[in-house]
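Shown next, in structure tokens, is the structure this report addresses.
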Amino acid sequence: MFGIIFALGAASSWTYACYLWRKQTKYLSASQINITKNIIAFLIFSPVILTLDFQHNLQEILILLLSGIIGISIGDTFYIMSLKKLGTRRTLTVEAFSPVIATLLGSILLHEILSLKSWVGTMIVTFSLIGVALDKTVEYKLGTVEKEKKLGFIFAFLSVLCAVSAATLSRLVLINSDLRPFQSTEIRLFGSIISLLPFMRNDLINSITELSFERKIRLVFATFLGTNIGILFQQYVFKLLPIGLGWTLLSTSPIISLFFARAEGEDFDWKTLALTITTILGVALVLI
């Protein structure tokens, strides 16, 4: 039960944070947002470092550092680039493929075999989310540039591959060591900062300085909600649930993003609502 609650909480916090981050892409590049949010999130959780036993858990820490590089540094950069080109809902709906990918990786690497019922539920969720992604929106009718849209989908798909791979590494550590989700979150954030620092430029500091106080507060709030809370809840999900099941629940983000669709100039019809219902039914089938 706690795994389910953490999964839905992570999906909700991440979705709202994406909505806020997309607004920041008018003033900051994807890489600037990514490194800024990771540094802020790392500082917020920095006291956790004092609880780590580096000598005893060196191998696990190295794996989590790699997970942070793949999932947060590379994956989130692709994700924010996609947000700028596609919008929150379309970017999130590319994650429709992630439950199947996560389930396959869990079966191959972690030997987590889901029941036929869970597989059927996962496929229902996947095809429902694909349907939501393909549903026309006002943004599409207004003529989104085709090349930009294709790039956005490529970036989104690459972010999914990075996220699922990183999640698998995280679960591998969490189920085979005494490291806690709080600790794994901070280690992953540290890994992301290490890999992004070489790309840090003076223009980042200038860009942050030029932001209004209100935008700075929104950036910090989005970071705390989407990075600190979002990743922490994800780590609990990876510890408590099989990777395929956990990722199926985390993939409900596109449904939650419907609440922000109108605010981004998009619209949805009865088809989207029907697909939303089938997504919920698919999730229910997985959980029964």
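All of the numbers you see were taken from the coordinates with simple rules; none came from a lab. In this text, all values refer to a predicted model and were calculated from it rather than measured experimentally. Cβ atoms come from the backbone with ideal geometry, glycine included; neighbour counts cover every protein chain shown.
Couplings 3J(HN,Hα) for segment 48-56, derived from phi with the Karplus relation 6.51 cos²θ - 1.76 cosθ + 1.60 (θ = phi - 60°), are 4, 4, 5, 8, 7, 9, 5, 5, 6 Hz, where x marks Gly and Pro.
Applying 0.36 nm per residue to the separation of Leu110 and Thr25 and subtracting their alpha-carbon distance, the gain on full extension is 26.9 nm. Rounded to whole numbers, the Karplus 3J(HN,Hα) couplings from phi for segment 77-83 are 5, 4, 5, 5, 4, 5, 4 Hz, using 6.51 cos²θ - 1.76 cosθ + 1.60 with θ = phi - 60°, and x at Gly and Pro.
Straightening the chain between Met1 and Ala274 buys 95.6 nm, computed as 0.36 nm per residue apart minus the Cα-Cα spacing.
The trypsin sites (Lys or Arg not before Pro) of segment 1-31 meeting both criteria, a DSSP state outside H, G, I, E and B (loop) and at most 14 other C-beta atoms within 10 angstrom of the site's C-beta, are Lys26. Here the 3J(HN,Hα) profile of segment 12-23, calculated from phi with Karplus coefficients 6.51, -1.76 and 1.60 at θ = phi - 60°, is 5, 5, 5, 5, 5, 5, 4, 4, 6, 5, 4, 5 Hz, Gly and Pro shown as x.
Extension gain, Glu214 to Ile154, is 18.4 nm, computed as 0.36 nm per intervening residue step minus the present C-alpha separation. Simple spin-label estimate for Met123 and Ile205 gives 5.6 nm between the two label positions (7 Å along the Cα-to-Cβ direction from each Cα). For Lys150, the lysines whose Cα comes closer than 17 Å to its Cα, not counting residues fewer than 8 places off in the same chain, are Lys84, Lys85, Lys136, Lys141.
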